[in-house]
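A.B. asks: To start, I am sharing the structure in question, which I have written as structure tokens.
All of the numbers you see were taken from the coordinates with simple rules; none came from a lab. Keep in mind that this is a model prediction, so the values were computed, not measured. Note that we place each Cβ from the backbone using ideal geometry, even for glycine, and neighbour counts take in every protein chain shown.
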Amino acid sequence: MTLNFGFIRNMIVGDKYADRVVPPSGFTAQLTLFAAGAMAFLAVFALALSLASGRLATRWGDELARTSTIRIVAPAGQRAAQTEAALRVLQTTAGVEDARALTDEEQQALLSPWFGGGIDLSSLPVPRLIEVIESPDGFDAQGLRLRLAAEVPAAFLDDHTRWRAPLVEAANRLRLLGWVAILLIVAAVAAMVTLAANAALAANAQVIAVLRLVGATDHYIAEAFIRRFTIRAFFGAVIGVGIGMVALLLLPSASDDAGFLTGLGFQGAGWLTPLLIPLMSGGVALSATRVASRKALEALS
């Protein structure tokens with residue numbers, strides 16, 4: 001426990017003599033800051049995509065799991081009678097919790113995104129829609145289709161199974177893609193920091209040789225590199241996360257009648273999640289620099 005506390009203290013406070021081993025500016029510093037910032041910016045959007053896809057999959061699954069639709073495709077003069085006959089069938093169907101015919105206003109609202117507002121349904125051969133709410137146990141879709149075919153020939157059942165499952169699966173795959181992107185970003189940060197650390201160690205080979213001559217251990221030298229590159233990656237990620245969160249705030253806000261991209265953001269406590277990215281970036285830089293410095297110092301021996 002004491003060792004851990006000492007290591008953390010050294011990472012924060014540092015050693016002014018050991019810090020001189022690592023160049024405070026230059027190509028390696030700029031590369032580390034830029035790589036960490038850019039990757040953190042991308043990680044914010046990958047995380048937002050993953051969380052938004054998860055919410056979308058949950059919403060689609062919950063909203064469509066217990067709903068079905070019956071279309072009454074009949075001439076205008078027979079539509080009302082066929083609708084009433086279908087409702088009577090549904091009243092005696094086990095597993096149907098509720099059923100009602102949509103009003104003209106509700107069907108108008110459904111069609112307005114395609115045909116515009118103020119559409120006159122009486123001038124179009126639009127089928128009457130019946131919304132069916134299942135009980136928790138559900139109903140026998142095939143049996144209901146057979147009853148409707150026999151008693152209400154103009155009625156067609158759509159239990160949403162055909163297109164609900166692909167939508168939910170697509171949203172779940174988008175969520176998985178977001179997490180895969182985050183893993184790739186972590187790997188890219190590790191690779192960039194490793195390259196930058198190796199370049200800094202190679203550029204300071206003569207300084208390292210002198211430090212060894214005066215008694216500095218490889219552990220002492222490595223800690224200087226680890227601290228400097230960890231801090232660079234951390235603060236670069238802080239900047240990238242800040243810019244990414246501002247960019248997300250500028251996106252259109254989510255709404256019930258808006259598209260998927262308007263919900264690409266964080267909700268509630270989810271806004272705290274990106275704050276973990278700088279810590280992750282610093283941890284990755286620490287591990288990558290530790291491995292790189294050990295191998296490089298062995299090579300310079």
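A.B. asks: List, in order, the whole-Hz ³J(HN,Hα) value for each residue of the stretch 230-247 obtained from phi through the Karplus relation with A = 6.51, B = -1.76, C = 1.60 and θ = phi - 60°; use x for Gly and Pro.
C.D. replies: 3J(HN,Hα) across the stretch 230-247, in whole Hz: 5, 5, 4, 5, 5, 6, x, 5, 4, 5, x, 5, x, 5, x, 5, 5, 4.
A.B. asks: Hey, rough spin-label estimate for A76 and A247, points 7 angstrom out along Cα→Cβ, what's it come to in nanometres?
C.D. replies: Those two pseudo-labels are separated by 5.4 nm.
A.B. asks: Given a Förster radius of 30 Å and the C-beta distance between D104 and I133 as r, what FRET efficiency does 1/(1 + (r/R0)^6) yield to the nearest 0.05?
C.D. replies: Details: r = 21 Å, r/R0 = 0.69.
About 0.90, to the nearest 0.05.
A.B. asks: Now for a separate question. Please report the orientation-averaged projected area of the stretch 74-153, defined via the convex hull of its C-alpha atoms, in nm². Don't jump to the answer; show the numbers that get you there.
C.D. replies: On the way: hull surface 23.7 nm².
With the hull built on Cα positions only, its mean projection is 5.9 nm².
A.B. asks: Here's something else I'd like to know. Assuming R0 = 41 Å, what is the FRET efficiency of K295 and F156, from their Cβ-Cβ distance, to the nearest 0.05? Working shown, then result.
C.D. replies: On the way: r = 68 Å, r/R0 = 1.67.
E(calc), rounded to 0.05, equals 0.05.
A.B. asks: Given the Cα-Cα distance of E169 and S287 and 0.36 nm per residue of separation, how much length would full extension add, in nm?
C.D. replies: Numbers: separation 118, 0.36 × 118 = 42.48 nm, distance 3.59 nm.
Extending this stretch completely gives an extra 38.9 nm.
A.B. asks: Starting from the Cα of V214, step 7 Å along the direction of its Cβ; do the same at T69; then give the gap between the two resulting points in nm.
C.D. replies: 7.9
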